[in-house]
Amino acid sequence: MILVLGKGITKEETEKLKEMLRSEGNIVKEIAGVEERVLGIVGKSCKEGSYYESLPGVERAVPISKPYKLVSREFHPAGSVIKVGDVAIGGDRLVVMAGPCGVESRKTTMEIARQVRRHGAVLFRGGAFKPRTSPYAFQGMGEEGLKILSEVREETGLGIVTEMTSPGQADLMMKYVDVVQIGARNMQNFELLKSVGRIGKPVLLKRGLCATIEEWLMSAEYILSEGNDQVILCERGIRTFERYTRNTLDLTAVPVIKKLTHLPIIVDPSHATGIRAKVSPMGRAAIAAGADGLIVEVHTEPDKALSDGPQSLYPHQFEQLMRELYVIAPVVGKQVDYAYLDKAEIMKPRPGGNKAPAKVVYSGVPGSFSHKACLQFFGSEVPLDNCSSFKEVFDAVDNEQAAFGVVPVENSLTGSIHENYDLLLDRDLKIAGEVILRIKHNLMGQSDARIEDVERVYSHPQAFQQCREFLANHPKWDLVTDKDTGSAIQRIKESGNPKEAAIGEGAVPIAGMAVLKEGIESNPRNFTRFVVISRNQPLPGPKNKSSMIYSVSDKPGALFETLRIFAANSINIVKIESRPIHSRPWVYMFYVDLEIDIAEEGNKHILDELVDKTEFFKFLGSYNKGAQENP
Ligand code: PEP
Ligand code: MN
C-alpha cells in the first residue's frame, strides 16, 4: 500500500505514524524522490485502504497493484543503486563482472583476474560451489576456492561475486564474498532466498531457466522481505524450443524489468548463448537495450577449463568487447570507465592527507548536462557542487575549494565553447580527463501536461538551434532563452504551468516533470566533450591524448615547423584551432589536441622540440580520451 501524506504533517507525526504501522507488522519505507511525502507499507497484515485513510496525516491510500511489492517501481519510483565497495550497480557507469566459470587453481584464477581488471572489469566472478547438471562433473573447489577468490580481491582490488548453493554456506559467504550469486537453478529455492535475505550482502539473482519475469520478481521479493534490499537481477537466458544456443537470451526482459522494478539489471551473455562467438554480440545488444552491466565468463585457457570452456572468452576477446561497450555506452547515456577503481581511491579522504572526500564542481543546475558529465566521470558517491558560471568553476579549482571541475569545451555540431578555451589559457590548471556525452534533447513539461497545451518553451539558444526541425513544426510556440537547459527545466518546474515546457535532457530525473516528446534534436549524432580540470592532480588510467596551447613567431613556415614535429613522430592531430590573443589584435594562439601521451618519459624529446619551435607554450595535460563515435 502507498500512503500519500497530507502537506501539513510534521516530522514527529510522520515518525509516530511509521512507528504505529511497524507495530502492526508492516515493513515501512519513506519513498524518496517525489515532492509529496509518501510512505510505502508492506506486510502480511496489510489492511484495506479505507483503514489507512482514516489515520491522522494520511491523505490517500493507493494499493500496490502488483503481487511483488517491495521490488515494484510503485513502491520505489527512483532506480536503486547497489553499492559493492566502490562499485555502484545501477548508476551512470556500466559495471562489468568477469572471470572464469569456476575457480580451478590459484595461478589461473589470478592470471584471469589481472587480465579482466586491465580491460575494465570492476568485479570478479568465479564459482567455488558449482551446481552441475551431472553429478560426475566438476563440483567446484569449495572453501579452498573461496580463499583463492579472497586473494584475488586482495591483490587486484576486484570485489568477488560467487554462487551460494545452500543455506549452510552462509557463514562462508559472510567471510569471503562481496556479492552472493543465486544461480538459475536455485531461483525458486525459497529457503536459500530467505537465507541470503538475512546475510545482508548484495545478491545477484539470476533468472530461472523456465521462470517468468513475475516469478523472478517474486523471488527477489523474498530477499527484500527479509530486510535485504541490495538485489541485482541477472537475465541469463531462458529455455525455449530453440536448441542452437544453450538458452534463448530474453533481452526484452531488460526494458520490462526497468519498467516494473527499481532494481538494477545486468545480463549474462555467456550462459545465455553457450557459444563463445555469440557472447560479444549479445553483450553489446544487452548494453544497447539499457542493461546496467554484464557478467561474462573469461578464461586464459578455455580448452582446459573444467566448466563452461566453450562459452568463455579469451582475454583479448574480452578486451575487444569492452572497447565496443566503451563506444556504445554514451549512446544510451552511460560510460565505461577504465579507471573506475583507481579513481575511487584518489577521491577518498586520506589519513594525514585530505580529510574530506575530494569535491567536484560544475556549472549549471542539478539535472544539467554538466551535472550528468560529473556523475558519469566520477560516479554518484563523490561530493558535487554547482556554480553559476564556467569562471566560477575555474575559480573553485584554482582556490582549492574543489579538487576537480567539469566544463564543456566542444559540441560535435556547434563547435567550441570559447569561454572555456580562454579560461584554460588564463589559469594555471591542467586537464586530467575527458568525458563525452551524447546530447539528447527532450521536450519536458509538467507530468500532467500534454504537448497540445504548450504555448511557451524555455531553453538555451544552442538547444533551440539543435532542435530547429522539430520547432519548425510548432511555429506558434514562444521561444524564451534561458541560461542553460537545466535552469529552463527548473523554471517550469517552479511555475507548475502546463502551458510552459522546456528543452533539456531530463536524464537525471526531476520530480514532477515528464518527457512530453523524446529525442527532438535534429541530428542524433550530437555529442558534447567535457574536460575535467584540476590543479595538478593526475587521474589514474590509460593516457592516450594530450592538449596544449602555443603561439609561433610571425614568420613564413613557423606553424608548419611545429606540425612537422607531429608528422615526423607519426602523431595524429585530433584537433587544431586558433583563438585570438585578447591583448594583441591579429595574433593567435593555437589549441592542439594530440593522440599521444606526450608527457611520457619516452616522448619528452618531442615536448622539448615543440617548446623550442614556439614563442609561447603551455602544456594542458595528458589524459584518457573519452568515448568517441570512431575510437
Ligand atoms: C554460473 O554463473 O556459472 C552459473 C552456473 O550460472 P547459471 O546459474 O545462470 O546457470
Ligand atoms: Mn558457468
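Only one of the numbered conditions (1) over 16 Å from the mean Cα position of the chain (by Cα); (2) within 30 Å of Ser105 (Cβ to Cβ) is not met by Pro349, and that is (2). All of Gln317, Gln401 fail the test of being assigned by TED's automatic domain parsing to the domain that holds Ile112, at negative phi and open to solvent by 20 Å² or more (accessible area, probe 1.4 Å), apart from Gln317. Being open to solvent by 50 Å² or more (accessible area, probe 1.4 Å) and within 13 Å of ligand 1 (Cβ to nearest atom) holds for only one residue in Arg246, Arg236, and it is Arg246. Of the strands (runs of 3 or more DSSP E) that lie entirely inside the range 365-460, those containing 3 or more residues that are in contact (Cβ under 8 Å) with a residue 60 or more places away in the chain and over 21 Å from Arg529 (Cβ atoms) span 442-446. Only a single criterion out of (1) crowded, with 20+ Cβ neighbours inside 10 Å; (2) in contact with a strand residue (DSSP E or B) (Cβ under 9 Å, 6 or more places away or on another chain) is not satisfied by Tyr222, namely (2). Determine if the range 134-143 includes at least one residue that is under 21 Å from Val203 (Cα atoms) and surrounded by fewer than 22 Cβ atoms within 10 Å (Cβ to Cβ). So far as the range 134-143 goes, yes, one or more of its residues are under 21 Å from Val203 (Cα atoms) and surrounded by fewer than 22 Cβ atoms within 10 Å (Cβ to Cβ). Scanning the range 168-191 for residues that are surrounded by fewer than 16 Cβ atoms within 10 Å (Cβ to Cβ) and more than 30 Å from Ile346 (Cα to Cα) yields a count of 5. Does Leu325 qualify as being farther than 18 Å from Thr248 by Cβ, crowded, with 24+ Cβ neighbours inside 10 Å and more than 16 Å from ligand 2 (Cβ to nearest atom)? Judged against the criteria, Leu325 is a match.
Of the residues in the range 152-164, at least one is away from ligand 1 (no atom under 11 Å from the Cβ) and over 22 Å from Glu111 (Cβ atoms). For the range 456-482, the set of residues classified as among the β-branched types (Val, Ile, Thr) and surrounded by fewer than 21 Cβ atoms within 10 Å (Cβ to Cβ) consists of Val480, Thr481, listed by residue number. Only one entry in Leu70, Leu94 is more than 16 Å from ligand 1 (Cβ to nearest atom) and modelled with pLDDT of 95 or more, namely Leu94. Take Lys304 and decide whether it is out of contact with any Pro (no Cβ under 8 Å at 6 or more places or on another chain), closer than 29 Å to Ala288 by Cα and charged (D, E, K, R). Judged against the criteria, Lys304 is not a match. Note on the range 100-124: residues that are outside any loop (DSSP other than H, G, I, E, B) and closer than 28 Å to Glu215 by Cβ total 2.
For the range 275-314, a residue qualifies if it is open to solvent by 40 Å² or more (accessible area, probe 1.4 Å) and part of a helix (DSSP H, G or I), and the qualifying residues are Arg276, Ala277, Lys278, Pro281, Met282, Arg284, Ala288, Asp303, Lys304, Pro310.
Remark: pairs (first residue in the range 254-271, closer than 17 Å to Leu70 by Cα and open to solvent by 10 Å² or more (accessible area, probe 1.4 Å); second residue within 16 Å of ligand 1 (Cβ to nearest atom) and in a strand (DSSP E or B); Cβ separation under 9 Å; 6+ apart in sequence or on different chains) = Lys258/Ile265. If we scan the range 597-604, do we find a residue that is farther than 18 Å from Lys543 by Cβ and either open to solvent by 30 Å² or more (accessible area, probe 1.4 Å) or in contact with a Lys or Arg (Cβ under 9 Å, 6 or more places away or on another chain) (or both)? Taking every residue of the range 597-604 in turn, none turns out to be farther than 18 Å from Lys543 by Cβ and either open to solvent by 30 Å² or more (accessible area, probe 1.4 Å) or in contact with a Lys or Arg (Cβ under 9 Å, 6 or more places away or on another chain) (or both).
Of all residues in the range 43-72, those being part of a helix (DSSP H, G or I) and open to solvent by 50 Å² or more (accessible area, probe 1.4 Å) number 3. Scanning for something more than 14 Å from ligand 2 (Cβ to nearest atom), at pLDDT 95 or above, part of a strand (DSSP E or B) and open to solvent by less than 60 Å² (accessible area, probe 1.4 Å), does the range 147-166 turn up at least one residue? There is at least one residue in the range 147-166 that is more than 14 Å from ligand 2 (Cβ to nearest atom), at pLDDT 95 or above, part of a strand (DSSP E or B) and open to solvent by less than 60 Å² (accessible area, probe 1.4 Å). When Ala507 is tested against (1) touching a helix residue (DSSP H, G or I) at 6+ places or on another chain (Cβ under 8 Å); (2) at pLDDT below 90; (3) open to solvent by less than 40 Å² (accessible area, probe 1.4 Å), only condition (3) is not met.
Among the residues making up the range 204-219, a single one is away from ligand 1 (no atom under 16 Å from the Cβ) and surrounded by 20 or more Cβ atoms within 10 Å (Cβ to Cβ): Leu217. Can you tell me which residue is nearest to ligand 2 (Cβ to nearest atom) among those in the range 89-107 that are more than 24 Å from Gln376 (Cα to Cα) and open to solvent by less than 30 Å² (accessible area, probe 1.4 Å)? Within the range 89-107, the match that is nearest to ligand 2 (Cβ to nearest atom) is Cys101. Sort out which residues of the range 10-42 are in contact (Cβ under 8 Å) with a residue 40 or more places away in the chain and open to solvent by 20 Å² or more (accessible area, probe 1.4 Å), and write them in order of number. Answer for the range 10-42, where residues must be in contact (Cβ under 8 Å) with a residue 40 or more places away in the chain and open to solvent by 20 Å² or more (accessible area, probe 1.4 Å): Glu13, Ile27, Lys29, Ala32, Gly33, Val34, Glu35, Val42.
The residue pairs whose first member lies in the range 599-628 and is under 19 Å from Met589 (Cβ atoms), whose second member is in a loop (DSSP other than H, G, I, E, B), and whose beta carbons are closer than 7 Å, counting only pairs six or more residues apart or on different chains, are Leu607/Ile598; Thr614/Val552; Glu615/Val552; Glu615/Ser553.
Can you find a residue in the range 173-184 that is without any contact (Cβ under 8 Å) to a residue 24 or more places away in the chain and of a type in the set (Phe, Trp, Tyr)? The answer is no; no qualifying residue exists. Would you call Val116 in the same structural domain as Ala211 (by TED's automatic domain parsing), away from ligand 2 (no atom under 16 Å from the Cβ) and among the β-branched types (Val, Ile, Thr)? Spelling it out, it is not the case that Val116 is in the same structural domain as Ala211 (by TED's automatic domain parsing), away from ligand 2 (no atom under 16 Å from the Cβ) and among the β-branched types (Val, Ile, Thr).
The values are calculated or read from the model by the stated rules, or taken from the named source; none is laboratory data. Just so we're clear, the structure is a prediction, and the values are computed from it rather than from any experiment. So basically every Cβ, Gly included, is an ideal-geometry build from the backbone, and we count neighbours across all protein chains shown. Just so you know, the surface numbers come from the protein's heavy atoms only, side chains and all, with ligands and any DNA or RNA stripped out. Shrake-Rupley method; radii C 1.70, N 1.55, O 1.52, S 1.80 Å.
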